[in-house]
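Structure first, commentary second.
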Amino acid sequence: MTELTAAHEAAKNSDITRGGPHYGQFIEQVRGLMDRVRLASPSDDLAMEAIGMLKQLNDKLDDAMVDEWSTPTWTRFDLPARGNITLPPYTIDHIDKQGLQARLTFRTFHLGGNNAAHGGQIAVAFDDLLGMAAAVHAGAVTRTASLTTDYRSITPLNTDLTAHAWVEQQEGRKLHLRATLHDGERLCAEARALFIVLKVGQP
């Protein structure tokens, strides 16, 4: 059974309508485009046709732009990675003050080479998951102060992976965290991080 904090559950319930009922399908199509562009080598004719289509789409999306606090791309807890296309899609299976467990997949867009995920994309995933673990533990907004990622083995693409992030120690506003990423029993990467709990009104 998935466990969520009261705050997480409240966010899930209050933000699920942002972007409308088809927002998840919209995000999936964007992800599909990103995957295809990562490996595409179009002819000039196809490139020119795609440029025209993308320009038309971008012009349409100009009318849907909102400020960062109103965007669904980090508040749709019903969607993988909260609907954020800058992150590899993940699903939280368990989260509480002790930490979180998640399933995630690095897609073709996240390719680093030889069918392996790019190390920077792995760090991005760790940063987001660690930040969520820090915020739930502290019950407050936090920011990354430092993040160190150690790569232990190849992280494959298009594979269901598991991640675990947790707070090891809190010293005042400082939160020391750890995280791991596994492909089955095999450790792909691990991270150490320091997050800072923000003061009220601190950007």
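The values are calculated or read from the model by the stated rules, or taken from the named source; none is laboratory data. Because the structure is predicted, anything quoted here is derived from the model rather than measured. All Cβ positions, glycine included, derive from the backbone under ideal geometry; neighbour counts span all protein chains shown. All accessible areas refer to the heavy atoms of the entire protein, side chains included, with ligands and DNA or RNA removed. Shrake-Rupley method; radii C 1.70, N 1.55, O 1.52, S 1.80 Å.
Odds and ends about this structure:
- Count - residues of the range 14-57 that are more than 23 Å from residue 110 (Cα to Cα), in a helix (DSSP H, G or I) and open to solvent by less than 70 Å² (accessible area, probe 1.4 Å): 2
- Hey, residue 163 modelled with pLDDT of 95 or more and either of a type in the set (D, E, K, R) or in a helix (DSSP H, G or I) (or both) or not: no
- Looking across the range 58-74, the residues that are open to solvent by less than 80 Å² (accessible area, probe 1.4 Å) and either over 26 Å from residue 90 (Cα atoms) or part of a helix (DSSP H, G or I) (or both) come down to 59, 61, 72, 73.
- Residue check, residue 181 under 16 Å from the mean Cα position of the chain (by Cα), part of a strand (DSSP E or B) and among the hydrophobic types (A, V, I, L, M, F, W, C): yes
- In the range 75-113, the qualifying residues are those that are surrounded by 16 or more Cβ atoms within 10 Å (Cβ to Cβ) and among the polar types (S, T, N, Q), and the one that is farthest from residue 127 (Cα to Cα) is 108.
- Residue check, residue 198 at negative phi and at pLDDT 95 or above: no
- One residue stands out in the range 129-147 among those that are of a type outside the set (Val, Ile, Thr) and farther than 18 Å from residue 92 by Cβ: the one that is most open to solvent (accessible area, probe 1.4 Å), namely 143.
- Considering the range 121-165, the residues that are in contact with a Cys (Cβ under 8 Å, 6 or more places away or on another chain) and among the hydrophobic types (A, V, I, L, M, F, W, C) include one that is nearest to residue 185 (Cα to Cα), namely 161.
- Residue 54 vs. criteria more than 22 Å from residue 195 (Cβ to Cβ) and touching a residue at least 24 places away in the same chain (Cβ under 8 Å): no
- Under the condition of being farther than 30 Å from residue 199 by Cβ and of a type outside the set (Gly, Ala, Ser), the residues counted in the range 109-157 number 15.
- Checking the range 129-147 against the condition returns no match, with no residue being in contact (Cβ under 8 Å) with a residue 60 or more places away in the chain and assigned to a strand (DSSP E or B).
- Looking only at residues in the range 148-160 that are among the charged types (D, E, K, R) and in a loop (DSSP other than H, G, I, E, B), the one that is surrounded by the most Cβ atoms within 10 Å (Cβ to Cβ) is 152.
- Filtered residues of the range 161-201 (kept if open to solvent by less than 80 Å² (accessible area, probe 1.4 Å) and polar (S, T, N, Q)): 162, 180
- The range 115-128, residues that are out of contact with any strand residue (DSSP E or B) (no Cβ under 7 Å at 6 or more places or on another chain), open to solvent by 40 Å² or more (accessible area, probe 1.4 Å) and touching a residue at least 40 places away in the same chain (Cβ under 8 Å): none
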